[in-house]
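Each reported figure results from applying straightforward, stated rules to the coordinates on display, with no laboratory input. Please read these numbers as outputs of a predicted model, since none were measured by experiment. Counting neighbours? That spans all protein chains shown, and the Cβs are built from the backbone with ideal geometry, glycine included.
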Amino acid sequence: MRLLKRRSLLAFAAVLAIAAAALLGAVAYSNRAAALGLQIRPLYYRATISPNEVKKGFLDIANPGNAPLTIELSVRAFKQDSSGNLSFYDSAQISAGIITDAKTIKLGPRESWRVFFTIDGRKLPGGDVFAAIFATTAAPAAAPGSLTARVQVGTLLVLQNGSPGPRQAAITAARVAWLQTGEGISGRLTVKNTGSGGGYFADGTLRLSPSTFQKDISGPLVMAGVERRFDFNVPVSRLGLYKLDVQIADAHYSRWVVMITGFWRWLLPLILATAGLLGWVVRRLLVLKKRAKTAK
């Protein structure tokens, strides 16, 4: 009997130990999940400066979690590979030309902080400048043999310091349906930066003729030699045959499309249904009139 009681107590103690371990693990996971919620705004910062200009900007860093965080700020340069992926590297010139007003900040639970930074065109390279400001959680003190996680978020800075680099492009592929029946006109374009250096956002202009409709479209960042694909969707209500023209840098694409877009998607069927009903009524009246004449 005593042996059974002892075994029961040991089993109960083991259950308590497992429950405590699970609770501690849940708390640790909760703290890690809170750190993973580190936020930064904006994600992109674009500016044009003169070579002798000093410009100020800011970004907001937020801790939506329940644990306090120590944040370390750093500035790095970045480049783009042929697939469009970004890689970051240290650059003394970039770090000297872009300086944050703090190197380390402390954020309590659900707190945010506005970080100001200075862009010095005199210290940055001329033309297109690509940099990033990173906010990284400081490594917490950890017990020997344990693993610690650090979270990093960042804002990309795409700057034009003085004269920009070459804006040369080629639209290497396009997928635009000949029949457009959505909210507007949409499609997919593949753009390649054929310049020898620098980079730009593949923004362009969309036109519909013979109308005067014109709208700007936004494309992704494309550095020299890189090819990127993106979708566009421009809301517009049109009915009929139109010529679509898209201009991106010095690249051009055009095609003819049949458009039943916007409110025409429901208005055209209503008009056709009404016309059909009126036609039926007129035919019916003519038949009845003919019968009346015959009866006389």
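When T104 is tested against (1) more than 25 Å from the chain's Cα centre (by Cα); (2) surrounded by fewer than 13 Cβ atoms within 10 Å (Cβ to Cβ); (3) under 29 Å from A224 (Cβ atoms), just one condition goes unmet, and that condition is (3). Among all positions in region 267-283, there is no residue which is surrounded by 10 or more Cβ atoms within 10 Å (Cβ to Cβ), touching a residue at least 24 places away in the same chain (Cβ under 8 Å) and of a type in the set (D, E, K, R).
Does any residue of region 208-216 turn out to be closer than 16 Å to A177 by Cβ and touching a strand residue (DSSP E or B) at 6+ places or on another chain (Cβ under 9 Å)? Yes: one or more hits. Among the residues of region 239-251, is any surrounded by fewer than 16 Cβ atoms within 10 Å (Cβ to Cβ) and either among the aliphatic types (A, V, I, L, M) or under 17 Å from the mean Cα position of the chain (by Cα) (or both)? Yes, there is a match, as at least one residue in region 239-251 is surrounded by fewer than 16 Cβ atoms within 10 Å (Cβ to Cβ) and either among the aliphatic types (A, V, I, L, M) or under 17 Å from the mean Cα position of the chain (by Cα) (or both). Scanning region 72-82 for residues that are closer than 27 Å to T190 by Cβ and either assigned to a strand (DSSP E or B) or out of contact with any strand residue (DSSP E or B) (no Cβ under 9 Å at 6 or more places or on another chain) (or both) yields A77, F78, K79, Q80. Checked across region 130-138, the condition of being at positive phi and surrounded by 14 or more Cβ atoms within 10 Å (Cβ to Cβ) holds for no residue. Scoring A174 on the criteria (1) aliphatic (A, V, I, L, M); (2) within 30 Å of T261 (Cβ to Cβ); (3) surrounded by fewer than 13 Cβ atoms within 10 Å (Cβ to Cβ) leaves a single failure, condition (3).
Tell me whether region 253-272 contains one or more residues that are within 25 Å of the chain's Cα centre (by Cα) and either more than 30 Å from A169 (Cβ to Cβ) or assigned to a strand (DSSP E or B) (or both). So far as region 253-272 goes, yes, one or more of its residues are within 25 Å of the chain's Cα centre (by Cα) and either more than 30 Å from A169 (Cβ to Cβ) or assigned to a strand (DSSP E or B) (or both). Among the residues that make up region 195-217, is at least one of them in contact with a Leu (Cβ under 7 Å, 6 or more places away or on another chain) and in contact (Cβ under 8 Å) with a residue 60 or more places away in the chain? Yes - at least one qualifying residue is present in region 195-217.
Among the residues of region 202-236, those identified as exposed (fewer than 15 other Cβ atoms within 10 Å of the Cβ) and assigned to a loop (DSSP other than H, G, I, E, B) are D203, P210, S211, T212, S218, P220. Just need a number here: residues in region 186-236 that are of a type in the set (S, T, N, Q) and either touching a His at 6+ places or on another chain (Cβ under 6 Å) or closer than 23 Å to G126 by Cα (or both). Qualifying residue count, region 186-236: 3. So, G57, is that one touching a residue at least 24 places away in the same chain (Cβ under 8 Å), assigned to a loop (DSSP other than H, G, I, E, B) and farther than 19 Å from T137 by Cα or not? Against the criterion (touching a residue at least 24 places away in the same chain (Cβ under 8 Å), assigned to a loop (DSSP other than H, G, I, E, B) and farther than 19 Å from T137 by Cα), G57 does not qualify.
Filtering region 173-186 to residues that are touching a residue at least 24 places away in the same chain (Cβ under 8 Å) and in contact with a strand residue (DSSP E or B) (Cβ under 6 Å, 6 or more places away or on another chain) leaves A173, A174, V176, W178, L179, Q180, T181, E183, G184, I185, S186.
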